[in-house]
Amino acid sequence: MKRLSVIGVLALVGMTVMAGPSGCVTNRAVSLNVLESVVKSGASKEALRLCGITRVSGYVVDKQGRDIILFGKVDPSYPTLHLEDFIVALRNVRLAYARKRGHTYYYSPPGCSIDPNPQVLRELQAIGDRVSQTADPEERHRLLQEWEVAGRQPQSVRVLGVPFYTRFAKVMVDADYYMKRLVNGSVDLGHRRLLQFDGRGGRPVQESNGKRRERLWSDKFDEQVLVLPRGKLLRGG
């Protein structure tokens, strides 16, 4: 993320670059102090959407004014950014959601995991075995329908690093489900060759029956540890 001087940020305000028939992309700078004041007063709901900024380009620290100024693009072609998500991300970085046990803090970067029920996996494995053993088209069709019904059973969702009931968490879980739909082909982006998955690139998982399966992960979610010997905070792995 870029850092500029206050003068450099102010020079960005008001500059406009044409982005095509859908509208224009405008540069905008937002003071976090002013943003906080506006949110507390309820003067503008636009503050809850980072004053329209949809692409954060960087920030500048105003030491004299004890302020931080975000700057970025107001691009109508990009989704809305929410102040709530920004605050949750900052609190994660500040270890606000870390758990302390004894002299140790346990924390995690933001992430999520959607875990199928082991019984459902066994059902799917059994159905898959039956599909591979039959040559009857009608039987295969019936089994595939049975597979789809079994696959729609509830799954366990784990959210890491941020509170479960936040918009931040929902966005991560929705993205995880969307990536799964890309892999299984239920979402068509017109680039099927890029979406074929043969099991490579995933993380191997050992099942209780001795079989292995692959899982796709968007990040490494190993929990980090902060140790406090004699009151000092040290970062550990």
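Here, each number is a calculation from the coordinates, and none is a lab measurement. Fair warning: this is a prediction, and the values are worked out from it, not measured in the lab. Quick reminder, even Gly has a Cβ in these numbers, built from the backbone with ideal geometry, and neighbours come from all protein chains shown.
Computed quantities for the displayed model
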read-out: Environment charge of residue 51, counting only residues whose C-beta is closer than 11 Å and scoring Lys/Arg +1, Asp/Glu -1; value: +2
read-out: Amide H contacts of residue 112 (H built 1.01 Å from N, under 5 Å, at least 5 apart or other chain); value: 160
read-out: For residue 74, residues with placed amide H under 5 Å, excluding near neighbours; value: 26, 27, 28, 54
read-out: Between segment 61-117 and segment 28-42, the alpha-carbon center distance in angstrom; value: 17 Å
read-out: Segment residue 152-residue 91, length gained on full extension (0.36 nm per residue, minus Cα span); value: 18.5 nm
read-out: Prolate/oblate/rounded call for segment 50-104, Cα gyration tensor, a/c under 1.5 rounded; value: oblate
read-out: Other-chain or far-sequence residues with amide H under 5 Å of residue 103's (modelled H); value: none
read-out: In sequence order, calculated HN-Hα J values of segment 150-157 (Karplus, 6.51, -1.76, 1.60; Hz; x Gly/Pro); value: 5, x, 8, 5, x, 10, 8, 10
